[in-house]
Amino acid sequence: MSELPITHMTLYKHGVGFFERRAKLSGEEASLTFRVEEMNDILKSLTAIDWGDGQVLGVAYATPQSREERLAGCSIHLGDTRSLQDLLVGLRGRRVRLLLDQQETLMGTLLGLDDALQEQPLATALVSLLLEDTDQVQVVQLGRVEGVEIQDERAAADLRFLLQTSLSQENYRQVTIRLTPGEHDLSVSYVAPAPTWRVSYRVIADSETEQGRAQALLLGWGIFDNRLEEDLEAISLSLVAGMPISFVYDLYTPFTPERPEVKEEARVAAAPVEFGQAAPVRAARFKSAAPDMAMDAPGLGMALASAPRRGITREMLEEAVPVDAVGEDLGELFQYVIRTPVTVGRGQSAMVPLVSANLIHRKDLIYNASKMPKHPVATLRLKNDTGLTLERGPVTVLEDGEYVGEALLPFTAAGGEIVVPYAVELGAKVREESGSRKEIHGLNIRGHYLHIEEWHIRWRDVQINNSTSQPLLVLVEHPRTAHYTLFDTRLPKEQTDAQLRFEVEVPSQGETTLRVQEHRLTKRREELHKQSSRKLQGYLKRGLLSHRDHGAVNELLVLWDKIAAHEQRLEKIEKEQAKVYKAQEQIQGNMKALAKTGKEGALRASYVDKLEASEGQLQVLAQEESTLRAQIEKLNQQIEKKIGAWG
């Protein structure tokens, strides 16, 4: 057992524990042993305080080396089966006193050990000793040696170091707290890796009353493991819900960074630099946030063993499992403080009662297509009036003493709702259909654009068939979607952060359909000149467009059609002009190679006539182009005037 036993333990959900050890002791040191993998956390968090009149001088621990590395400079090495022989070999050249049988002693310098022959017993090996203050070498059989007193302090220190190193196993490291001489009231606290604690719940519910509500007993057990190398006896225990930030930082492995090499240079020394004198900062003594607490209560197994055949009742479990635990709100965390002592043996695990509360419950059938697509789920709903934050964990549900199902109880703050879906209602079958469409809500003409307001509509039909002999009341969950609102739909009974819940009554051996419709209004615009007369006529028939606006837009479309026709003619004129220009280039190229007299002169003259004719053609095309552009400009002016008339 450790000389500093554990007095308090706080376990967290992310794989660490906070441990406090305290004891009254005397001497100049106290030792603790830790696993190698725990050392980084120990060095990061270990705090030692002497609450008495003594002081903590420091903390020492072995440098992380293998056993061979630590013993490399040791002059003495002992084997597992020949320790005395190995010791005498290691003491060669050292002053020793040999204690022999018949109360005889020899003092001198050890020369060595001569092994016995293979066929002779080990006791016949010879030990040689140069007697003190003489030149005489004394030889005795190893079997006569009953003891060795090492007179050389270096050899004695090496032997002690060897034995201390051998005492520490490769997987463990010893941490020594150095103290002033005298009596001490020493406490040591630290963080170390620890298995996460878990929680397990039971809900023992009575049948619902005519008002639809009844009592349910909520029981919660915290489960934890003792992975320490010692028994835990009457410690105080706290279990923390939440997740503080934690990490591993390598403080245990020695690290020597490489430094740049700087060569000496000749320079004049600067004037001395002085700093003001600092006074020591005195830290206030601290105490654990957890009071003296813990427990060791009857477990569920005894209650089960004594339960009648009918099943476990709420009253039985309430009496069989007393709970002595309180909750403490720690801001982002919540702590269960067990107020009676806990005793758990090494390598053992335990269950400690955390919660016992009678809560009003209501049973509902809840349908969610993404979680159970064809059937609703029987659900117990309770308000967390325990005053405690409930950690997430499995829950077993019993109703009127009989097992009816299981669920996961979610992380629930005090005052929140506990929803426990524990069984599938196979007597109700659900079928779904869904779809979407668009509907124009309104039109508005501004400038050259037709502005359109349009509903994006989604619908969902949930058809519930009840094959049981009793009417059913089902809450249908529907996802809440940003920007969509309900229309032509019954109001939901309730809502969560992510769901709307609609109440649906389904008669016995009957069927009911719930239709949920929601829409979102969007806006877009279309260019007026891209509209068609047929589409405008449709808007007019549906009352989305007035006769005045319909006529005005039709007039605009006529003008835009004329402009489009003129622009098509301009494109043809451009193509004809390009064709004429190309012909002129060919003629001019041919003329360069012709003489001005004779037949070539006559051919040249015909080319000139063609050029004159093409120039006339270009003039006609240019005149038509100019006329068309003027007409387009006039039509655009008329369009702008009509559009401006809308104001």
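A few notes on this one:
- Restricted to region 347-466, the set of strands (runs of 3 or more DSSP E) holding at least 3 residues that are more than 32 Å from the chain's Cα centre (by Cα) comprises 349-367, 402-409, 428-446, 449-466.
- Single condition G90 does not satisfy, out of (1) modelled with pLDDT under 80; (2) surrounded by fewer than 15 Cβ atoms within 10 Å (Cβ to Cβ): (2)
- Only one of K562, K592, K575, K541 that is over 60 Å from the mean Cα position of the chain (by Cα) and at pLDDT below 90: K592
- Filtering region 478-488 to residues that are part of a loop (DSSP other than H, G, I, E, B) and of a type in the set (S, T, Y) leaves T481, Y484.
- So N466, is it without any contact (Cβ under 8 Å) to a residue 12 or more places away in the chain and surrounded by 13 or more Cβ atoms within 10 Å (Cβ to Cβ): no
- Screening A48 on (1) modelled with pLDDT under 90; (2) not in a loop (DSSP other than H, G, I, E, B) shows it passes everything except condition (1).
- Entry remark, region 489-513: residues being part of a loop (DSSP other than H, G, I, E, B) and either surrounded by 13 or more Cβ atoms within 10 Å (Cβ to Cβ) or under 42 Å from the mean Cα position of the chain (by Cα) (or both) number 9 in total.
- Conditions (1) in contact with a Ser or Thr (Cβ under 6 Å, 6 or more places away or on another chain); (2) assigned to a strand (DSSP E or B): number failed by G54: (2)
- Taking region 537-557 as the range and being free of Cβ contacts under 8 Å to residues at least 40 places away in the same chain, out of contact with any helix residue (DSSP H, G or I) (no Cβ under 6 Å at 6 or more places or on another chain) and either in a loop (DSSP other than H, G, I, E, B) or more than 16 Å from E454 (Cβ to Cβ) (or both) as the test, the residues that pass are Q537, K541, G543, S546, H547, R548, G551, N554, L557.
- Region 537-556, residues that are in contact with a strand residue (DSSP E or B) (Cβ under 9 Å, 6 or more places away or on another chain), surrounded by 13 or more Cβ atoms within 10 Å (Cβ to Cβ) and within 29 Å of Y484 (Cα to Cα): Y539, L544, L545
- Whenever a residue of region 350-376 is not assigned by TED's automatic domain parsing to the domain that holds Q495 and modelled with pLDDT of 90 or more, its partners that are of a type in the set (D, E) and crowded, with 17+ Cβ neighbours inside 10 Å, lying with C-beta atoms within less than 6 angstrom and at least six residues away or across chains, give the pairs L365/E425; N368/E477; H375/E425; P376/E425.
Each row is one residue, and each column tells you yes or no for (1) touching a Phe, Trp or Tyr at 6+ places or on another chain (Cβ under 6 Å); (2) under 25 Å from T10 (Cα atoms); (3) at pLDDT below 90.
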{"site": "S128", "(1), (2), (3)": "no, no, yes"}
{"site": "D158", "(1), (2), (3)": "no, no, yes"}
{"site": "N171", "(1), (2), (3)": "no, yes, yes"}
{"site": "V191", "(1), (2), (3)": "yes, yes, no"}
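- Test: residue in region 222-244 that is exposed (fewer than 15 other Cβ atoms within 10 Å of the Cβ) and at pLDDT below 80: yes
The values are calculated or read from the model by the stated rules, or taken from the named source; none is laboratory data. Just so it is clear, the model here is predicted, and its values are computed rather than measured. Heads up, the Cβs are rebuilt from the backbone with ideal geometry, glycines too, and the neighbour counts pull from every protein chain shown.
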